[in-house]
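Comments concern the structure below.
The values are calculated or read from the model by the stated rules, or taken from the named source; none is laboratory data. These numbers were taken from a predicted model, which means no experiment stands behind them. Cβ atoms come from the backbone with ideal geometry, glycine included; neighbour counts cover every protein chain shown. What goes into the accessible areas is simple: the full protein's heavy atoms, side chains included, and nothing from ligands, DNA or RNA. Shrake-Rupley method; radii C 1.70, N 1.55, O 1.52, S 1.80 Å.
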Amino acid sequence: MPQIFHPSMNTISRLSIFGFVFILILIGFIGWALARSPYQTGQGVVRPQPIPFSHEHHVGDLGIDCRFCHDTVETHASAGMPSTEVCLNCHSVLFRDSPILAQVHESQRNGTPIMWTRVHDLADYVYFHHGVHINAGIGCTSCHGKIDEMPLAYRAETLHMEWCLDCHRNPEQHVRPRDAVFDPHWVNTEAKEIDPELLLKAHDLQSRTQCSYCHR
Amino acid sequence: MHHAPAKTSASLVARGQVPREAPARRWYYGAAPGQQPLHAALLVSSLLLLALAGCSQEMDEQPRLEVYETSEFFEDGLAMRPPVEGTVPRGGLRLDVHFFEGKVGGQLATSWPDDITIDRAFVERGRERYDAFCSMCHGLAGYGDGTVVARGFPAPPSYHIDRLREVPHGHIYDVITNGLGRMPRLSDRITPRDRWAIVAYLRAMQIGQHVEVDDRLRAEVERATAVEKSPGDGKGRPHE
């Protein structure tokens, strides 16, 4: 009976048997990396907005408090988006004739809202409450990153559950004194000077990792 | 004669030999033995179809509306609905004119509402609100020199002039609530209690910036500023 396979097939068969394992691992790794990539999480991806609103200018340069526009952040689940009226608090005078602001005036005239693109959107099966986090001493920039340096807003974090749990397991790493919550320049190095145990006690904080705490 | 089969089956049921519901359940259980694999296949494939549906991200985007979302259901396209005109939300009845409008007998109130207790915590609260909502124009110490004014917004008057030192509390409350001149109303963002806290802080500021400086006070200020000048925390407030 003639030989069906050439002797080189020995090597090829061994390679493909072992290679198959590596390919499986590679596919797994690609999947893992893809799930964490900005392509999937939107982290660091600037969203196009109808008006190129700059947090860098309003927060960084002018030092306007977060709550001036996001006024329900201390009391509600949603931080609150400013109404057209809030924009016009200043822009009824400042840069009034700038073409960038034409849409704001149009919104005011017609009573139609400005259609911003949502930057942070959690899955619908997650319950998140801004007020609870603010009152527990978690600063805005802990989740939203260096917002005072963003000409256009983007997600600073993955918003993955593992990222949430990272803080929920060790809140003392992120918790701030009450008057530093809205400070965009507050950095974690200051926390090391403050006893984290004291901070936890001051805010009556506990590690919250029960499923039903967020998935309710 | 054609009644006979009915009679037979009725009597069989009565004797318990045929299950009463057999005809109705025939679709599931009464199939001929050869048909059973077909039914099993249908069941499995429909389960597989269900499993396929799980591959989409429908749990992420459930068909309920979130705040600020759009809705095709309503004419204006908004998911959030304004309260029906003429309705009062629970706990939203505003009968106390002094507290909610800063007026007594139609005149701007010169006294504090009964619900307000002025203590350190209340003034501190006012300071926090003032810094967040007022300081950009009025300046951290109330001289009308905030960062937005530096950008060209018409400067508001300083609080530390005789006219504003003498206005009733109700005037300041009313201006926060309804705005005045270029100043917008802030009642959409600041609760009535917080507005009174701001009034209290503003009054404290006016007193603090209008103190006659005698030698004793000058010495005290010098001692205090000497301490502050040593490695500063960078949190010094202007004009203070």
All conditions in (1) farther than 22 Å from A:P113 by Cβ; (2) modelled with pLDDT of 95 or more are true of A:H70 except (1)
Checked against (1) open to solvent by less than 50 Å² (accessible area, probe 1.4 Å); (2) in contact with a Lys or Arg (Cβ under 6 Å, 6 or more places away or on another chain), B:N178 satisfies every condition except (1)
Within segment B:149-175, the count of residues that are touching a residue at least 24 places away in the same chain (Cβ under 8 Å) and part of a helix (DSSP H, G or I) comes to 8
Across segment B:94-110, the tally of residues that are open to solvent by 100 Å² or more (accessible area, probe 1.4 Å) and under 16 Å from B:S187 (Cα atoms) stands at 1
Next on the checklist: Please determine whether any residue of segment A:39-51 is more than 14 Å from chain B (Cβ to nearest Cβ), out of contact with any Ser or Thr (no Cβ under 8 Å at 6 or more places or on another chain) and closer than 30 Å to B:R185 by Cα.
Outcome noted: yes
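Looking for something more than 27 Å from A:G63 (Cβ to Cβ) and touching a strand residue (DSSP E or B) at 6+ places or on another chain (Cβ under 7 Å) - is there at least one such residue anywhere in segment B:115-131?
no
Listed here are the residues, each with its yes/no results for (1) within 21 Å of the chain's Cα centre (by Cα); (2) more than 25 Å from A:H70 (Cβ to Cβ); (3) at pLDDT below 95.
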{"residue": "B:Y130", "(1), (2), (3)": "yes, no, no"}
{"residue": "B:H138", "(1), (2), (3)": "no, no, no"}
{"residue": "B:S158", "(1), (2), (3)": "no, yes, no"}
{"residue": "B:G181", "(1), (2), (3)": "no, yes, yes"}
Restricting attention to segment B:150-171, the residues that are more than 10 Å from every other protein chain (Cβ to nearest Cβ), open to solvent by 30 Å² or more (accessible area, probe 1.4 Å) and of a type in the set (A, V, I, L, M, F, W, C) number exactly 2
Counting only residues in segment A:1-55 that are in contact (Cβ under 8 Å) with a residue 12 or more places away in the chain and surrounded by fewer than 12 Cβ atoms within 10 Å (Cβ to Cβ), the one nearest to A:H144 (Cα to Cα) is identified as A:V45
query: Does B:V199 meet the test of being within 24 Å of A:E74 (Cβ to Cβ), modelled with pLDDT of 95 or more and surrounded by 14 or more Cβ atoms within 10 Å (Cβ to Cβ)?
result: yes
Among the residues of segment B:119-135, the number that are aromatic (F, W, Y) and within 12 Å of another protein chain (Cβ to nearest Cβ) is 2
Does segment A:158-171 include one or more residues that are at pLDDT 90 or above and under 30 Å from A:C90 (Cα atoms)?
no
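A quick yes/no check of all residues on (1) out of contact with any Gly (no Cβ under 8 Å at 6 or more places or on another chain); (2) aliphatic (A, V, I, L, M); (3) within 13 Å of another protein chain (Cβ to nearest Cβ); (4) touching a residue at least 40 places away in the same chain (Cβ under 8 Å):
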| residue | (1), (2), (3), (4) |
| --- | --- |
| A:H76 | no, no, yes, yes |
| A:N89 | yes, no, yes, no |
| A:P99 | yes, no, no, no |
| A:G111 | yes, no, yes, no |
| A:V132 | yes, yes, no, no |
| A:C140 | yes, no, yes, yes |
| A:P151 | yes, no, no, yes |
| A:V181 | no, yes, yes, yes |
| A:V187 | yes, yes, yes, no |
**Asked** Yes or no: A:L122 surrounded by fewer than 19 Cβ atoms within 10 Å (Cβ to Cβ), in contact (Cβ under 8 Å) with a residue 40 or more places away in the chain and of a type outside the set (D, E)?
**Response** no
